[in-house]
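The block underneath contains the structure these notes are about, expressed in structure tokens.
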Amino acid sequence: MTDTAASDADSAIGRLAAHSIALITDLQTPEGAYPASPTFSAYVGYSWLRDGAFIADAASAAGRIDSASRFFAWCADVIARRADKIRWIVAETQAGRTPAAEHMLPARFTFAGEDGTDEWWDFQLDGYGTWLWALVQHLDRHGLDGDAYREAVALTIEYLLASWERPCYDWWEEHAQHVHVSTLACIVAGFDAVARVRLVDEGLTERVRAESIAIRRLIGGRGISDGHLIKWLGSTAVDGSLAAAIAPLGVTDARSDVGRRTIDVLESHLTVDGGTHRYLGDTFYGGGQWPLLTCFLGLAHLAAGDRDRAEELLDWAAGTANAALDLPEQVAGHLIAPGMRQEWIDRWGTVATPLLWSHAMFLRLGLALGRIDEADLTDGVDR
Ligand code: BGC
């Protein structure tokens with residue numbers, strides 16, 4: 001790239017970064033929730049723990065301490081309000097009467113912290129691990145005290161200790177009959193984070209450490225095929241979400257054989273011209289490429305030491321913004337199942353745009369690469 005082209009690219013990245021953080025903070029609700037997408041039919045009015053935890057992590061990395069803290073306080077409230085239900089789930093599970101999926105905690109909540117009233121593929125465990133991981137990152141990053149979160153953290157840990165071995169819906173709210181490796185990675189990342197900073201009492205910390213070893217053994221055994229992480233236990237395929245296990249979650253070392261091989265396979269099986277698909281066989285909106293997954297893969301490359309590839313992936317993701325600088329959930333430049341696209345448009349309308357999680361992952365990778373300057377995002381802001 002010439003110097004002029006490089007500086008044009010950087011000012012485009014800067015404008016998109018400013019828009020991204022403004023969207024995230026402006027759309028955060030008074031309760032502290034982050035909407036998944038303000039306009040998309042099936043998502044309106046809901047905040048997901050998964051999306052929200054990664055959005056809060058990006059807000060935290062961008063120096064927006066208050067915004068991230070307000071989201072974590074919202075999570076803590078949502079969970080503390082379900083204390084009785086969590087104790088019931090744990091007791092029933094321990095008594096050998098594992099509750100059916102519809103009695104487990106949901107993946108998404110209304111902004112007021114209620115369960116949704118629409119049918120949804122709700123039993124997903126990953127977000128419960130991810131919010132713990134993101135919370136501890138945030139406390140560490142800004143030297144904050146975690147006391148206010150102790151009750152909700154302990155409840156979340158009890159819930160996950162009782163449930164982590166169960167099959168549940170994955171990041172894409174699909175394939176409920178399987179145990180998903182990226183879900184396990186989110187849970188173990190949360191366990192390790194909480195144990196490291198001793199956010200729960202000694203007895204619980206010991207149980208968390210023991211289960212963390214068990215989960216890591218499972219991932220390192222049945223979670224690997226042909227030398228790389230796999231979509232679910234027993235599968236041979238990959239899923240774009242596995243990049244997160246490498247970075248930012250750091251469950252699989254980026255420079256290990258498994259880390260490197262997983263990145264290679266995510267590139268060769270799922271990444272076309274710089275944009276990453278969810279998985280082979282995806283039909284949602286025709287199975288396009290997801291900017292947020294492209295950024296997760298960029299973070300994995302960066303952790304493995306391939307800065308150039310991480311930069312290319314950031315630029316690809318930035319290039320998916322529309323004229324209003326909004327980033328979509330996915331783009332249609334390369335589709336796995338083109339014949340399925342219209343069916344989803346007829347059902348739910350055009351692809352979710354803006355998707356806050358896409359903006360978050362763009363920010364997170366841009367900040368990690370130093371292509372986005374935290375000072376530019378916090379200038380004049382009361383944090
Ligand atoms: C995706 C989920 C996401 C949700 C809200 C769904 O289509 O599969 O991963 O949490 O949208 O963004």
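Annotations
- Some residue of the range 45-52 being more than 30 Å from Leu144 (Cβ to Cβ) and surrounded by 18 or more Cβ atoms within 10 Å (Cβ to Cβ): no
- Odd one out for Val265 among (1) closer than 24 Å to Leu356 by Cβ; (2) of a type in the set (A, V, I, L, M); (3) surrounded by fewer than 21 Cβ atoms within 10 Å (Cβ to Cβ): (1)
Let's see how each residue does on (1) open to solvent by 40 Å² or more (accessible area, probe 1.4 Å); (2) more than 25 Å from Glu174 (Cβ to Cβ); (3) assigned to a helix (DSSP H, G or I):
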| residue | (1), (2), (3) |
| --- | --- |
| Gly63 | no, yes, no |
| Asp66 | yes, yes, yes |
| Ser69 | no, yes, yes |
| Asp77 | yes, yes, yes |
| Glu102 | yes, no, yes |
| Thr117 | yes, no, no |
| Gln124 | no, no, no |
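- Scan of the range 199-226 for residues that are more than 19 Å from Ala247 (Cβ to Cβ) and of a type outside the set (D, E, K, R), ordered by number: Leu199, Val200, Gly203, Leu204, Thr205, Val208, Ala210, Ile213, Ala214, Leu218, Gly221, Ser225
- Number of residues in the range 22-35 that are away from the ligand (no atom under 16 Å from the Cβ) and open to solvent by 10 Å² or more (accessible area, probe 1.4 Å): the value is 5.
- Test: residue in the range 133-147 that is open to solvent by 50 Å² or more (accessible area, probe 1.4 Å), among the basic types (Lys, Arg) and over 27 Å from Ser37 (Cβ atoms): no
- Looking only at the range 36-57, residues that are more than 10 Å from the ligand (Cβ to nearest atom) and in a loop (DSSP other than H, G, I, E, B) come to 5 in all.
- Enumeration of residues in the range 160-179 that are within 16 Å of the ligand (Cβ to nearest atom), touching a residue at least 60 places away in the same chain (Cβ under 8 Å) and either open to solvent by less than 40 Å² (accessible area, probe 1.4 Å) or not aromatic (Phe, Trp, Tyr) (or both): Cys168, Asp170, Trp171, Trp172, Glu173, Ala176
- Residues of the range 317-372 that turn out to be assigned to a helix (DSSP H, G or I) and either within 16 Å of the ligand (Cβ to nearest atom) or open to solvent by less than 40 Å² (accessible area, probe 1.4 Å) (or both), as a count: 22
Yes/no matrix, rows are residues, columns are (1) in contact with a Gly (Cβ under 9 Å, 6 or more places away or on another chain); (2) modelled with pLDDT of 95 or more; (3) over 24 Å from Thr276 (Cβ atoms):
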| position | (1), (2), (3) |
| --- | --- |
| Asp201 | no, yes, yes |
| Arg209 | no, yes, yes |
| Ala214 | no, yes, yes |
| Asp226 | no, yes, no |
| Thr236 | no, yes, no |
| Gly240 | no, yes, no |
| Ala245 | yes, yes, no |
| Ser256 | no, yes, no |
| Thr262 | yes, yes, no |
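- Conditions (1) within 16 Å of the ligand (Cβ to nearest atom); (2) of a type outside the set (D, E, K, R); (3) closer than 24 Å to Asp122 by Cα; (4) open to solvent by less than 50 Å² (accessible area, probe 1.4 Å): number failed by Val90: (1)
- Of all the criteria given as (1) within 16 Å of the ligand (Cβ to nearest atom); (2) of a type in the set (Ser, Thr, Tyr); (3) open to solvent by 10 Å² or more (accessible area, probe 1.4 Å), the one not satisfied by Thr378 is (1).
- First in the range 296-307 and open to solvent by less than 10 Å² (accessible area, probe 1.4 Å), second anywhere and outside any helix (DSSP H, G or I) and of a type in the set (Val, Ile, Thr), Cβ under 7 Å, 6 or more apart: Leu297/Thr271; Leu297/Thr276
- Matching residues in the range 60-73 - criterion: being under 24 Å from Glu329 (Cα atoms) and away from the ligand (no atom under 16 Å from the Cβ): Ser60, Ala61, Ala62, Arg64, Ser67, Ala68, Phe72
- Of the residues making up the range 351-383, those that are in contact with an Asp or Glu (Cβ under 7 Å, 6 or more places away or on another chain) and under 22 Å from Trp316 (Cβ atoms) are Val351, Ala352, Thr353, Pro354, Leu355, Leu356, Trp357, Ser358, Arg364, Leu367, Leu369, Arg371.
- The numbered conditions (1) assigned to a helix (DSSP H, G or I); (2) open to solvent by 30 Å² or more (accessible area, probe 1.4 Å); (3) in contact with a Gly (Cβ under 7 Å, 6 or more places away or on another chain) are all true for Leu314 except (2).
- From the options Gly288, Gly240, Gly275, residue that is in contact (Cβ under 8 Å) with a residue 12 or more places away in the chain and either of a type in the set (A, V, I, L, M) or away from the ligand (no atom under 14 Å from the Cβ) (or both): Gly275
The values are calculated or read from the model by the stated rules, or taken from the named source; none is laboratory data. Remember, predicted model here, so these are calculated numbers, not experimental data. Cβ coordinates were reconstructed from backbone atoms using ideal geometry, including for glycine residues, and neighbour counts include every protein chain displayed. The area values use the complete protein model at the heavy-atom level, side chains included, leaving out ligands, DNA and RNA. Shrake-Rupley method; radii C 1.70, N 1.55, O 1.52, S 1.80 Å.
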